[in-house]
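The values are calculated or read from the model by the stated rules, or taken from the named source; none is laboratory data. All values reported here derive from a predicted model rather than from experimental measurement. Positions of Cβ are generated from backbone atoms using ideal geometry, with glycine treated the same way; all protein chains shown enter the neighbour counts. Just the protein is used for accessible areas: all its heavy atoms, side chains included, with ligands, DNA and RNA removed. Shrake-Rupley method; radii C 1.70, N 1.55, O 1.52, S 1.80 Å.
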Amino acid sequence: MRILWVKIGGLWPANSGGRLRSYHILNELARQHEVTIVTTRRPDEDPRVLDAQLAHCEQIIQVPVNAPKHGSPGFIKALAQSWFSDLPVDLYKYRIPAMRREVGKLLRQGNFDVCIADFLTGLPNVPEGIVGPDGAPVPVVLFTHNVEHMIWQRLCTNERNPLKRLLLAIEWRKMRRYERLACQRADLTLTVSDADKQLFEQMAPGLTAHAIPTGVDIDYFRPATDASERDQHVVFSGSMDWFPNEDGMLWFMESMLPLIRAQQKGISVTIVGRNPSAKLKRMAEEHGVHVTGTVDDVRPSVHEAAVYIVPLRVGGGTRLKIFEALAMGKAIVSTTVGAEGLPLEDGTHLVLADTPEAFASQVLQLINDPMLRARLGRAGRELVQARYSWQRVAGDFEALCRAAMSRRQFDTAGNTSNQHQQIVTGGSEI
């Protein structure tokens, strides 16, 4: 296959769930297919680094973009401008004209078999209606890693400030509208869980959607061979500049950790992940929690955990961090949202708890029961070994892309192609 892959936000370093998933699938696909990537990079990043990491790819085009960060003056400006658009701010700020032109040029000239819009943010940068040299439109696959509007809706539900809650209510409804239209435009929508697939099907009846499993590098993430585990130690890992992760750990420190230490004072906690905010670091200092910031390798920190925690209240898609901890043989306590979309059994592969009291109780039980920790760890490792290697996931991805190509070829030959609803913003196609 000749694949055009469109991705906002870069692919390396693979230090977030979305980047990891995309990077590993691309790495496998590029070994057997002609893959061209169009992505963004920060102006200060060296493009040669990604070129080296995905050396099997046919071509990698990196467009320099300095996207405004949440809360910055640039973000506030984009938010204000987005109010006059049908787009939510998280998509409005990622309309990249240079990237859109590059993708359009490649589609007209490249004779690609399929175009992958990686994440919802990729789709506004894929022009509609362009045909290749053979006169046929290229099928578009929307690869969703989350149901984005659900994240915003949950943020709205948990927001205490009335003004912020009002703004979030507007944003999640705009996001839901765009997601529905995006699914109707795409020839195929790929989700990372059956739960996400069902939500999209309810939102956009008649769409073609399939779920692919989340994967993990089972050779890289494996149980420790030494006695590095600390008996009363709790660990969380994740990108701390992703709001659901920050919110979850603020909630844990404020509502759960005091309950745990009221019964067992010696419990220690480490938060591992890039770009922790000043707010999180202040609360961590108040509660005696260690924050590592960016690390080159999360494994040594996770190996030290007696219990690995995922106390998320908002989010979507699937949490790769859970599969990594399972592959490392760790006992996990998670909220239902934290483990959402993963084929895991409560009490067999991990323990679920949704209230501060229940979460604290489960952490304490595992801290004080090494045999239960070991049983959960073995079951988790066996599950990911059997079903969730990246090679297998990429094989499923490839098969679904081929099916989308076959459907488009059949529709074109029979002149029965569905007319997808155009996605319009400010009176012009995006």
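Remark: the range 63-72, residue by residue, has Karplus-estimated 3J(HN,Hα) of 8, x, 9, 10, 5, x, 7, 4, x, 7 Hz, where x stands for each Gly or Pro and the curve is 6.51 cos²θ - 1.76 cosθ + 1.60 at θ = phi - 60°.
Estimated from the Cβ-Cβ distance and a Förster radius of 30 angstrom, the FRET efficiency linking Arg42 and Ala386 is about 0.20. Taking Glu304, Glu345, Glu229 as the candidate residues, the one with maximal mean-square fluctuation in a Gaussian network model of the chain, Cα springs under 10 Å, is Glu345.
Could you tell me how far the Cα centroid of the range 282-347 sits from the Cα centroid of the range 216-256, in Å? Cα centroid to Cα centroid, the span is 4 Å. Look at the dipole of the chain built from charges on Cβ: of His33, Gly395, Asn275, the Cα furthest out on the positive end belongs to Asn275.
If I take every Cα pair under 8 Å that is 6 or more residues apart in the range 158-221, average their sequence separation and divide by the length, what percent do I get for the relative contact order? Answer for the range 158-221 is 28 percent. Amide hydrogen proximity for Val35: with H placed 1.01 Å from N in the peptide plane, the residues at 5 or more positions away or on another chain lying under 5 Å are Ile3, Glu58, Gln59. With all protein chains in place and a 1.4 Å probe, the accessible surface of the chain carries 49 percent carbon and sulfur. Counting only DSSP beta bridges whose two residues both lie in the range 264-368, roughly 0 percent are antiparallel.
The spacing between the range 144-180 and the range 1-61, judged by their C-alpha centroids, is 29 Å.
A Gaussian network model of the chain, with springs between Cα atoms under 10 Å, assigns the largest mean-square fluctuation among Gly329, Gly341, Gly293 to Gly293. Mean sequence separation of contacting Cα pairs (under 8 Å, at least six apart), scaled by the length of the range 1-147, corresponds to a relative contact order of 27 percent. Would you please classify the overall shape of the range 297-381 from the alpha carbon gyration tensor, given that a ≥ b ≥ c denote the square roots of the eigenvalues, rounded means a/c under 1.5, and beyond that prolate means a/b larger than b/c while oblate covers the rest? Judged from the Cα gyration tensor, the range 297-381 comes out rounded (a/c under 1.5).
A cut-off of 5 Å between modelled amide H atoms, ignoring neighbours fewer than 5 places along the same chain, links Ala211 with Thr191.
One decimal place: the segment Ile61-Glu102 gains 13.9 nm when fully extended, by the rule 0.36 nm per residue minus the C-alpha distance.
Estimated from helices alone, the mean residue ellipticity of the chain at 222 nm is -13500 deg cm²/dmol (sum of -39500 (n - 2.57) over DSSP H runs with n ≥ 4, per residue).
The packing ranking of peptides 120-126, 61-67, highest mean first, is 120-126, 61-67, where packing means the average number of other beta carbon atoms within 10 angstrom of each residue. Given axes a ≥ b ≥ c from the Cα gyration tensor, I'd like to know whether the chain is rounded (a/c under 1.5), prolate (a/b larger than b/c) or oblate. It is prolate, given that a/c is not under 1.5 and a/b is the larger ratio.
For Val114, the amide hydrogen comes within under 5 Å of the amide hydrogens of Arg2, Leu4, counting only partners 5 or more places away or on other chains and with H modelled in the peptide plane. Among the GluC sites (Glu not before Pro) in the range 119-195, those located in a DSSP loop and surrounded by at most 16 other Cβ atoms within 10 Å of their own Cβ are Glu128, Glu159.
By the rule of a C-alpha distance below 19 Å, with chain neighbours fewer than 8 residues away ignored, the lysines paired with Lys321 are Lys330. Computed over protein heavy atoms with a 1.4 Å probe, the accessible surface of the chain works out to 44 Å² per residue. Note on the chain: GNM, Cα springs under 10 Å; of Gly110, Gly135, Gly238, the largest mean-square fluctuation is that of Gly135. 7 Å from Cα along Cα→Cβ at both Gln264 and Asp354: what's the point-to-point distance in nm? Output for this residue pair reads 2.5 nm.
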